[in-house]
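Asks: Below you'll find the structure I mean.
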Amino acid sequence: QVTLVESGGGLVQAGNSLRLSCAASGSTLNINAMRWYRQAPGKQRELVAIISRGGTSNYADSVKGRFTISRDNTANTVYLQMNSLKPEDTAVYYCNAETMITRRQYWGQGTQVTVSS
């Protein structure tokens, strides 16, 4: 079992930055890939960024060059550094962890990010 707790969301003006954190606890040695998703009102949840246990990352086109995902395996934490924020980045951001072998998915409770114009 893995528990994920996100933090770092808030209200910012366009152009500013935020850093989200997601702390994992429980069976963390089983975690392989970690992801950040977001869901805006009235829209489907979308993948924002993914990072493997070894640190390989990939991003949605909409955030490339502005967002950076990183992870600290010792601290069992994944981060999302969000720069040059835009109003369209407004959403609830969710952390996701996938375990090795079984590929079971775990989700955090979400953290709200609101970007004002």
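The values are calculated or read from the model by the stated rules, or taken from the named source; none is laboratory data. For clarity, every value in this text was computed on a predicted model and none was experimentally measured. Glycine also receives a Cβ, built like all others from the backbone with ideal geometry; neighbour counts cover every protein chain displayed. Accessible surface is based on the protein model in full, side chains and every heavy atom, while ligands, DNA and RNA are left aside. Shrake-Rupley method; radii C 1.70, N 1.55, O 1.52, S 1.80 Å.
Asks: Here's a check for you: in the range 1-13, which residue that is surrounded by fewer than 14 Cβ atoms within 10 Å (Cβ to Cβ) and not polar (S, T, N, Q) is farthest from the chain's Cα centre (by Cα)?
Replies: LEU11
Asks: Quick one: which of TYR93, TYR59 is under 10 Å from the mean Cα position of the chain (by Cα) and hydroxyl-bearing (Ser, Thr, Tyr)?
Replies: Criteria check complete, one pass: TYR93.
Asks: Please work out which one of (1) free of Cβ contacts under 8 Å to residues at least 40 places away in the same chain; (2) assigned to a loop (DSSP other than H, G, I, E, B); (3) in contact with a Gly (Cβ under 8 Å, 6 or more places away or on another chain) is the condition ARG71 fails and give its number.
Replies: Going through the list (1) free of Cβ contacts under 8 Å to residues at least 40 places away in the same chain; (2) assigned to a loop (DSSP other than H, G, I, E, B); (3) in contact with a Gly (Cβ under 8 Å, 6 or more places away or on another chain), ARG71 breaks only (2).
Asks: Looking at the range 28-48, which of its residues are within 18 Å of LYS86 (Cα to Cα) and part of a strand (DSSP E or B)?
Replies: TRP36, TYR37, ARG38, GLN39, GLU46, LEU47, VAL48
Asks: Test SER84 against the criterion of being in contact (Cβ under 8 Å) with a residue 60 or more places away in the chain, of a type in the set (Gly, Ala, Ser) and over 13 Å from TYR37 (Cα atoms), and give yes or no.
Replies: yes
Asks: Let me ask another. On the given criteria, is ARG19 basic (Lys, Arg) and surrounded by 19 or more Cβ atoms within 10 Å (Cβ to Cβ)?
Replies: It is false that ARG19 is basic (Lys, Arg) and surrounded by 19 or more Cβ atoms within 10 Å (Cβ to Cβ).
Asks: Among the residues of the range 74-108, what is the count of those that are open to solvent by 20 Å² or more (accessible area, probe 1.4 Å), in contact with a Leu (Cβ under 8 Å, 6 or more places away or on another chain) and either β-branched (Val, Ile, Thr) or not in a strand (DSSP E or B) (or both)?
Replies: Residues that pass the stated criteria total 0.
Asks: Check THR77 against each of (1) under 12 Å from the mean Cα position of the chain (by Cα); (2) among the hydroxyl-bearing types (Ser, Thr, Tyr); (3) under 30 Å from SER117 (Cβ atoms) and name the one condition it does not meet.
Replies: THR77 satisfies every listed condition except (3).
Asks: Mind listing whichever residues of the range 30-68 are charged (D, E, K, R), open to solvent by less than 40 Å² (accessible area, probe 1.4 Å) and in contact (Cβ under 8 Å) with a residue 40 or more places away in the chain?
Replies: Just the residues of the range 30-68 that are charged (D, E, K, R), to begin with: 35, 38, 43, 45-46, 53, 61, 64, 66.
Then drop every residue that is not open to solvent by less than 40 Å² (accessible area, probe 1.4 Å), which leaves 35, 38, 66.
Answer for the range 30-68, where residues must be charged (D, E, K, R), open to solvent by less than 40 Å² (accessible area, probe 1.4 Å) and in contact (Cβ under 8 Å) with a residue 40 or more places away in the chain: ARG35, ARG38.
Asks: Within the range 30-37, is there a residue that is farther than 18 Å from GLY54 by Cα and at pLDDT 95 or above?
Replies: Yes, because at least one residue in the range 30-37 is farther than 18 Å from GLY54 by Cα and at pLDDT 95 or above.
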